[in-house]
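What follows is one structure encoded as C-alpha cells, with my remarks underneath.
Just so it is clear, none of the values below were taken in a lab; they were calculated from the coordinates. The model shown is predicted, which means the values in this text are computed figures rather than measured ones. Cβ: placed from backbone, ideal geometry, glycine included. Neighbour counts: every protein chain shown.
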Amino acid sequence: MMLSQFTSIQYCYEYLINQIPVSLLFYSHIPTALISILFGLYLLYKVRDLQSKTLFVVLFFFALWSIGDLISWFSFLGSKATMFSWGLLDMFSVLFSLCSYYFLYVFVTKRDLPIWQKLAGFILFIPALYQTYKGSNLLLFDSTICEAWESDFAPSYLYLIQSFTFILVVLFSIYQYRKASSSREKREVALAGAGVGLFLGFFLSATWVSNYLLTHPDIEYAYNYSIYGLFGMPVLLIFLGILIVRYKAFDLKIVGAQMLVVALIALIGSQYFFAATSTTIVLVSVTLFLSLIGGYFLVRSVKREVEQREQIEKLATDLQKANERLKELDKMKSEFVSIASHQLRSPITAIRGYVSMLVEGSYGKFPDKAQEVLERIGESSKFMATSIEDYLNVSRIEAGNMKYELSDFNLKEQAEKVSDELRQVAMKKGLVLVFRSDVSGSGMVHADIGKTRQVIMNFIDNSIKYTQKGTITVVAHDDPKQKKMWVTISDTGIGMSKETLSEVFDKFVRAKNANQVNVTGTGLGLFVAKKMAVGMGGKVWAESEGDGKGSQFHIEFPELPGKANPA
Amino acid sequence: MSRSFISRSLFWLLVILVAGAVVTRYYAYFVQEDYYLYAQVPCDPSEATCFINDCDMSDEECDTTPFMFAEMSASHAPDCFQENNCQEFECPADDDSCVVMECSEDALYDGVLCFDEPNFFLEQL
C-alpha cells in the first residue's frame, strides 16, 4: 500500500510552506535576533554598568528565543530539533519578560533591583524552569501536522507571566513618570516605559491571539499569529535609539547618523531574504557595499564634528567655571579693599584735618620750607582720601550696597556750582574753566544730588588732570521734547584713541598716554561715575576724535517736565 | 550576607539552572530520544476501524486511503515512523509505550470519518 501523502521531510517542508512564507519567518526572526544580540554586545563592550548588563540579558534571551522559535518552525529539520528548540521557548520567554522589568527599573531609578523583587522574580521563574527541565511542557511530536503538542499549563503560565510583567511595567512607568521632577526625566521615563511596554505588549497580544485561535479548530495555522510578537523588539530598539541619541542614555556617544546607517544596512541586508533571482542578489549586494562605504565615511565625519563640538562645549564649561571663580575672587578682593579702606579712611581724615590746621597757622607760623612741605602733605593726603573713597565706592557698587537718595533738583545749578568749586584748581594749572547753560526746559532731574555732583566732579577733575593747556567747558543743555537733559564737559586735553574710548569706563583702565600727563590716577573715577549715573537712571559716555584732540564727556538724565527756573 | 553576595549568588544560580535545563533537554531529546511521536500509520479495514478523509469537505485532491494513528516512544520508533512514512506498521509486541488509536466517535475530528467498508464501496458505486 502506497501512502502518497506521506513523504517525510518533504512532507513537513510542504506543510510549512503551505502554512506560512519561509521568507517571512526568516525576515521576522533572523534580523531581529542579530540586531538585538549585536546591539547588546556593542553596549556591553562600550559600557559595563548595570543598565547595560540587564539590557544585554534581555536582548540575549530574546535572541535565543528568536532563534529557538525559528528552528521550531522548521520541523523538516527533524522532530528532535523541533522538540529541543520548542521545549526551551517558554523558559527564554519568561526570562526576557521578567528581565525587561529588571532593566526598566535599573534604567529609570539608576539603582539595582531590591533583593526581595529579585527573589520574587526567581520564584516566578521556577515553574517555567521546572517544566523545561522535566520536559513536561511538550507532550509529543505530531508528525501529521509537524508540530509539538504543548501541555495546557505551559502556554497559560507564559501568558500569565507576560501579562503580569506587562502590567508591572506600565504601573511602574506611570509611577516613575509622576515622581520625576524635571521634564527631561519625565521624557526619559516615558520613552523607556513605552519601549519596554510595547515590546512586552507585542508579545502578550501575539501570545493571546494565538492561544485564543488555538481553541478554535476551524481556524487554521493559529501559531502564524505568534510571530507578530517579534516586531516588539525593533520597537524597543527604536525607543532605546532615541534615548541614546537624544538623552545620551548609557553614556554612549552614538550620534543619529550612526544609528541611521546601522538601520539602513540592516534594512538593505534583510532584502536577501526576498532576493529570489541572481540579478536581485547582485543588486542588493552592490547597494549594501556602497552603503557600507558611504556609511563609514559619513559616520567618521559626523563623529569628528561631534567630538569637536564636545571639546568646544567642554572648553565653554571650563571657561564658565573659571569665570565664576574669578567673580568670586573679585568679590573677595572688593570685600578686602572695603575693609582695608575703612581702616585707612579714619587716620587719613585725621591727618588731613591736622595738616589743614597746621597750614592755616592754628599752631603757629612755620618757616616757608616747612609750610611748603605741609602743603604737599595736605595734597597727598587729599589724593589718598579720594583714592580711598573711590575704592570704597567700587566695593559698594560691586557688592550691590550703593545707596541712592533720590530727590528732584536742578541739574544745571549743581553743574554750575561744581564748576565754580573746581575753577580754582583749573586756574592753578593755568587752565580756563567755563560754564555755559543752554537749558530751555525745567532743568530739573530726579537723582541723588550728592552722587550726581560727584559724577560731574569726577568728569571735570578728569579733564583738568589730562589737559595741559587750553579750556575746559562745562555746558548744561536739554531737549524738552525728548525730555532729556545733559551736562557735557569738553576739554582740549590729550584725547583718546578708539581703543581707549571703548574701555575708558572700565575698572582700573587708564589711557596709554595718561602717565605722561598725570601719574596719580587710579583708573577708578570714570568707572565709579558711570556706575553711579546708571544706578540713578542716567547715562554717561565719552567722545574723542583721537589722541591729542581733546575729549568730551556726557552725562544724561531724564528731564522732569516744567518751565525753566529763572534763577 | 551582603546584598551583592545574594545578587551574585542568584545570578550564578540562574545561569547554572538555565544551562542545566538546556543541557538536560538536549540530552533527553537528542541522545535519549525521550519523547513521544504521534503519526498516521496504515490501517487495514478488515482488521481495525480506520479513519478516512471526508472528501465532501475538501475541494482539493482527496486521499481516500484508510489510516489510523499511533503514538510511540521516539527511541523505539522505526525511521519510517519518525518520518511519518510507514507503509506497514505494527506496534512491537514487547513495547508497552506503543499505542495504536483506531477510529471511534470520541476520536473523530473535522475532515475525517470512520471507515465503514460496505457503505463506503456502496457510496463509491
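Summary of values
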read-out	value
Shape category assigned to the range A:154-229 from the gyration tensor of Cα positions, a/c cut at 1.5	prolate
Sum of -39500 (n - 2.57) over DSSP H runs of 4+, divided by residues of chain A (222 nm, nearest 500)	-23000 deg cm²/dmol
Formal net charge of residues neighbouring A:Pro127 (Cβ-Cβ distance under 14 Å; K, R +1; D, E -1)	-1
Shielding by other protein chains, A:78-87, mean Cβ within 10 Å	6
Contour minus Cα-Cα distance for A:Glu372 and A:Arg436 (0.36 nm per residue)	19.5 nm
Coil-residue chymotrypsin sites (Phe, Trp or Tyr not before Pro) of the range A:430-513, DSSP, other Cβ within 10 Å capped at 14	A:Phe508
Set of the range B:93-114 residues, backbone N closer than 18 Å to the point 7 Å along the Cα-Cβ line of B:Cys55	B:111-114
Around A:Ile115: net Lys/Arg minus Asp/Glu count, Cβ-Cβ under 13 Å	+3
For chain A, Kirkwood radius (reciprocal of mean inverse C-alpha pair distance, Å)	32.3 Å
Pairwise FRET efficiency - A:Gln308 versus A:Lys428, Cβ, R0 = 60 Å, nearest 0.05	0.45
Column: log10 I(q)/I(0), Debye, Cα scatterers of the range A:22-176, q = 0.15, 0.18, 0.19, 0.20 Å⁻¹	-0.87, -1.14, -1.22, -1.29
Cα gyration tensor shape for the range A:232-327, rounded if a/c is under 1.5, else prolate or oblate	oblate
Global geometry of the range A:316-464, whether rounded, prolate or oblate, following the gyration tensor of its Cα atoms and the 1.5 cut on a/c	oblate
Debye intensity ratio in log₁₀ form over the Cα atoms of the range A:25-110, taken at each q of 0.16 Å⁻¹	-0.64
Alpha-carbon centroid distance for the pair the range B:101-117 / the range A:59-136, whole angstrom	39 Å
Under 18 Å from the Cα of A:Lys53 - lysines, other chains or at least 8 residues apart	A:Lys110, A:Lys118, A:Lys248, A:Lys253
Coil-residue GluC sites (Glu not before Pro) of the range B:1-91, DSSP, other Cβ within 10 Å capped at 13	B:Glu47, B:Glu60, B:Glu61, B:Glu88, B:Glu90
Over chain B, relative contact order from alpha-carbon pairs under 8 Å, at least 6 apart, %	27 percent
Within straight-line cross-link reach of A:Lys483, aspartates and glutamates at Cα separation under 15 Å, skipping those fewer than 8 residues along the same chain	A:Asp408, A:Asp438, A:Glu556, A:Glu559
13 Å Cα-Cα reach of A:Lys321 towards aspartates and glutamates, excluding residues that sit fewer than 8 places from it in its own chain	A:Glu313
10 Å Cβ shell holding at most 13 others, DSSP loop, GluC sites (Glu not before Pro): longest site-free stretch of chain A	A:1-219
Stretch gain in nm, segment A:Leu34-A:Phe122, where the contour uses 0.36 nm per residue and the Cα spacing is subtracted	28.9 nm
